[in-house]
Amino acid sequence: MVAKRVVPILQVHGGRIAGAAPVDGARRLELEGADEILFVEQGGDRAGRIAWLAEVARALFIPFALEAPFQDPEEMAEALAAGAGRVVVPDLDAARMDAPRFGRARVLATLDVAWSPAEGWDAVLARLMELGQLGLGGAVLSAGVQELDDLCARTARLPVPILLRCADPTLAAEALAHGADGIAYPADLMTAAEFKALLSGAGVPLRR
């Protein structure tokens with residue numbers, strides 16, 4: 001098994017994280033051993049977003065990504081220029097339109113497998129295949145371990161790196177064994193060091 005990523009999720013509301021500046025939470029996670037940080041922004045203004053992204057970029061050595069309600073490609077371009085390593089878009093349509101402009105590896109697409117089985121696993125796999133054909137940096141997947149296992153059973157190799165949202169270290173270890181490239185978990189659940197210790201104890205090889 002290749003080394004896996006642990007990516008804490010920080011929820012940003014109006015440019016703040018539980019009343020603190022995003023850079024403060026990001027520094028703490030870096031010191032705890034996070035491999036990357038996923039910021040999920042809600043309710044922020046455009047100028048404020050650029051300001052805190054630039055502050056985070058100046059302070060961190062590890063990469064970070066931003067998932068936000070982007071209104072247009074220019075907002076995505078501004079986020080990347082401010083220092084975000086990657087941006088997360090909500091669907092394939094946005095990925096098709098914007099990925100070539102920014103460098104495909106810098107764009108991730110979200111995919112919720114929890115409801116997708118109604119369409120059939122072939123449809124889900126076709127979406128992932130298209131992400132791979134577009135050359136995207138991967139998919140941020142919302143799914144259970146069983147769904148991921150079912151998906152992996154239908155292909156010899158997942159076509160793109162999968163960052164799986166998961167708050168349970170035990171289930172996360174299973175998911176990583178089943179083919180996920182990394183785990184994104186809520187940062188307020190436990191420290192990155194604690195989450196990594198639990199994964200390591202389950203035999204999961206980690207990046208650092």
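Points worth noting:
- Filtered residue count, segment 27-51, keeping only those that are of a type outside the set (Asp, Glu), buried (at least 22 other Cβ atoms within 10 Å of the Cβ) and in contact with a Pro (Cβ under 9 Å, 6 or more places away or on another chain): 5
- The single condition among (1) touching a Leu at 6+ places or on another chain (Cβ under 8 Å); (2) surrounded by 16 or more Cβ atoms within 10 Å (Cβ to Cβ); (3) of a type in the set (D, E, K, R); (4) at pLDDT below 90 that residue 154 does not meet is (2).
- A single member of 184, 193 is surrounded by fewer than 23 Cβ atoms within 10 Å (Cβ to Cβ), closer than 21 Å to residue 30 by Cβ and of a type in the set (Gly, Ala, Ser), and it is 193.
- Residue that is surrounded by the most Cβ atoms within 10 Å (Cβ to Cβ) [pool: residues in segment 52-78 that are at pLDDT 95 or above and of a type in the set (Gly, Ala, Ser)]: 65
- As for segment 9-24, it holds no residue that is among the aliphatic types (A, V, I, L, M), in a helix (DSSP H, G or I), over 21 Å from residue 90 (Cβ atoms) and in contact (Cβ under 8 Å) with a residue 60 or more places away in the chain.
- Pick from segment 131-151, criterion of a type in the set (A, V, I, L, M, F, W, C) and not in a loop (DSSP other than H, G, I, E, B), ranking: modelled with the highest pLDDT: 140
- Condition check for residue 29: in contact with a helix residue (DSSP H, G or I) (Cβ under 7 Å, 6 or more places away or on another chain) and outside any helix (DSSP H, G or I): no
- Some residue of segment 61-70 being in contact with a helix residue (DSSP H, G or I) (Cβ under 6 Å, 6 or more places away or on another chain), in contact (Cβ under 8 Å) with a residue 24 or more places away in the chain and closer than 30 Å to residue 177 by Cα: yes
- When the residues of segment 80-107 are filtered to those that are at pLDDT 90 or above and assigned to a strand (DSSP E or B), the one that is surrounded by the most Cβ atoms within 10 Å (Cβ to Cβ) is 88.
- Check on residue 184, outside any loop (DSSP other than H, G, I, E, B), within 15 Å of the chain's Cα centre (by Cα) and touching a residue at least 60 places away in the same chain (Cβ under 8 Å): yes
- Members of segment 152-181 found to be touching a strand residue (DSSP E or B) at 6+ places or on another chain (Cβ under 6 Å) and without any contact (Cβ under 8 Å) to a residue 40 or more places away in the chain, listed by number: 160, 161, 162, 164, 166, 167, 172, 175
The values are calculated or read from the model by the stated rules, or taken from the named source; none is laboratory data. Keep in mind the model is a prediction, meaning the values are calculated, not measured. Heads up, the Cβs are rebuilt from the backbone with ideal geometry, glycines too, and the neighbour counts pull from every protein chain shown.
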